[in-house]
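**Student:** I have a structure here, written as structure tokens, and I will follow up with some questions on it.
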Amino acid sequence: MFLSRRSILTAAALLGLTCAPASARDNAPIVAAASDLQFAIEEIAAAFTADTGLTVRLSMGSTGNFARQIRQGAPFEIFMAADEQFILDLHADGFSPDKGDLYAVGRIVLMVPDGSSLKADERLDNLADQLAAGQISRFAIANPDHAPYGMRAREALVTRGIWEDLQPFIVLGENVSQAAAFALSGNAEGGIIAYSLALSPEVAARGTYALIPEDRHEPLRQRMVLLNGAGPVARAFYAYMTEPAAREIMERYGFVLPEGE
């Protein structure tokens, strides 16, 4: 099911998803980053530049699509995936010198826009009740065919026992940022999106959320890796991701690391 182009553009503008003009620093290394990192990674990149004078370019999208592009020769130097399996598979096929590092464990939330009849509850009970009552017209998630946050959203809905009945009303975002835009567009009762996006001021101002328990889906173990041919600036940014300044930003957006990792 699709939203109108006008609604999509309005929502995209809300979330800052429009493309910026090319800068004069086009030779900076490209970081392929999962869309759940949108707000956090922008802050980290700005802090990295302020601290080092070096610049990286950010490319935001779905992990599955990036993995495919890397296999096709896309010129990324760092890959920050929302599901570590994509990186482990790329390494096994020779696209990176090592398996990289776990940088976060992500979470999903039920996001409900202001004015929706849907209530944000962690067990998805109200969603089930409204679905049974015929009160759900559109519900947004990222595409589970290639977006890890969409995969986990589907798992949570399956666990709750409403995935099949919700199918006719699902609106698929190409990635979790687009799913958030759809959920907040006013044309959907809500959606399941990344906790990190729900914590951003831009999204938090538009609705409410409930954190879905971790036992309702497989974990979102997020891994990053330097790809073959990564240069010194990419290596510097990769190292910066482990520094206190970057970790503070990540934690502020709800990203944590398991103890011992």
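**Student:** Taking Arg206 as the residue in question, decide whether it is more than 30 Å from Asp51 (Cα to Cα), touching a residue at least 24 places away in the same chain (Cβ under 8 Å) and of a type outside the set (A, V, I, L, M, F, W, C). Spell out the reasoning first.
**Tutor:** Numbers: more than 30 Å from Asp51 (Cα to Cα): yes; touching a residue at least 24 places away in the same chain (Cβ under 8 Å): yes; of a type outside the set (A, V, I, L, M, F, W, C): yes.
Answer is yes for this residue.
**Student:** For the range 202-220, give me each residue that is loosely packed, with under 14 Cβ neighbours inside 10 Å, over 16 Å from the mean Cα position of the chain (by Cα) and closer than 20 Å to Ser185 by Cα.
**Tutor:** Residue satisfying the conditions is Ala205 alone.
**Student:** For the range 170-186, check the following and say yes or no: at least one residue is surrounded by fewer than 22 Cβ atoms within 10 Å (Cβ to Cβ) and out of contact with any strand residue (DSSP E or B) (no Cβ under 8 Å at 6 or more places or on another chain).
**Tutor:** No - not one qualifying residue is present in the range 170-186.
Conditions tested, residue by residue: (1) assigned to a helix (DSSP H, G or I); (2) among the β-branched types (Val, Ile, Thr); (3) without any contact (Cβ under 8 Å) to a residue 40 or more places away in the chain; (4) not assigned by TED's automatic domain parsing to the domain that holds Phe39.
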site: Gln167; (1), (2), (3), (4): yes, no, yes, yes
site: Val171; (1), (2), (3), (4): no, yes, no, yes
site: Phe182; (1), (2), (3), (4): yes, no, no, yes
site: Asn187; (1), (2), (3), (4): no, no, no, yes
site: Gly191; (1), (2), (3), (4): no, no, no, yes
site: Ser196; (1), (2), (3), (4): yes, no, no, yes
site: Glu202; (1), (2), (3), (4): yes, no, no, yes
site: Ala210; (1), (2), (3), (4): no, no, no, yes
site: Gly229; (1), (2), (3), (4): no, no, no, no
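**Student:** Keeping to the range 187-201, report how many residues are within 24 Å of Arg247 (Cα to Cα), crowded, with 24+ Cβ neighbours inside 10 Å and touching a helix residue (DSSP H, G or I) at 6+ places or on another chain (Cβ under 6 Å). Reasoning before the result, please.
**Tutor:** Within the range 187-201, the first condition is being within 24 Å of Arg247 (Cα to Cα), and the residues that meet it are 193-201.
From what is left, the residues that are crowded, with 24+ Cβ neighbours inside 10 Å are 193-194, 196-198.
Those still in the list that are touching a helix residue (DSSP H, G or I) at 6+ places or on another chain (Cβ under 6 Å) too: 193-194, 196-197.
The total comes to 4.
**Student:** Of the conditions (1) touching a strand residue (DSSP E or B) at 6+ places or on another chain (Cβ under 6 Å); (2) more than 18 Å from Ser35 (Cβ to Cβ), Ala132 fails just one. Which one is it?
**Tutor:** Single failed check for Ala132: (1).
**Student:** Sticking with this one: Anything in the range 100-125 that is hydroxyl-bearing (Ser, Thr, Tyr) and over 19 Å from Arg138 (Cα atoms)? List them, or say none.
**Tutor:** At the first step, the residues of the range 100-125 found to be hydroxyl-bearing (Ser, Thr, Tyr) are 103, 116-117.
Across the range 100-125, the qualifying residue is only Tyr103.
**Student:** Checking Thr49 against (1) buried (at least 18 other Cβ atoms within 10 Å of the Cβ); (2) over 21 Å from Tyr209 (Cβ atoms): exactly one of these is not met. Which one?
**Tutor:** With (1) buried (at least 18 other Cβ atoms within 10 Å of the Cβ); (2) over 21 Å from Tyr209 (Cβ atoms) applied to Thr49, the lone miss is (1).
**Student:** Which of (1) more than 18 Å from the chain's Cα centre (by Cα); (2) closer than 24 Å to Gly207 by Cα; (3) surrounded by fewer than 18 Cβ atoms within 10 Å (Cβ to Cβ); (4) of a type outside the set (Lys, Arg) is the odd one out, the single condition Asp89 does not satisfy?
**Tutor:** Result: Asp89 passes all but (2).
**Student:** Then there's this: Filter the range 155-165 for residues that are within 22 Å of Ser62 (Cα to Cα) and in contact (Cβ under 8 Å) with a residue 40 or more places away in the chain; which is surrounded by the fewest Cβ atoms within 10 Å (Cβ to Cβ)?
**Tutor:** Taking the range 155-165 as the starting set, the residues that turn out to be within 22 Å of Ser62 (Cα to Cα) are 155-158, 163.
In the following step, the residues that additionally are in contact (Cβ under 8 Å) with a residue 40 or more places away in the chain were identified as 155-156.
Details: Glu155: 17, Ala156: 24.
The qualifying residue surrounded by the fewest Cβ atoms within 10 Å (Cβ to Cβ) is Glu155.
The values are calculated or read from the model by the stated rules, or taken from the named source; none is laboratory data. Please read these numbers as outputs of a predicted model, since none were measured by experiment. Reconstructed Cβ throughout: ideal geometry from the backbone, glycine too, with neighbour counts over all protein chains shown.
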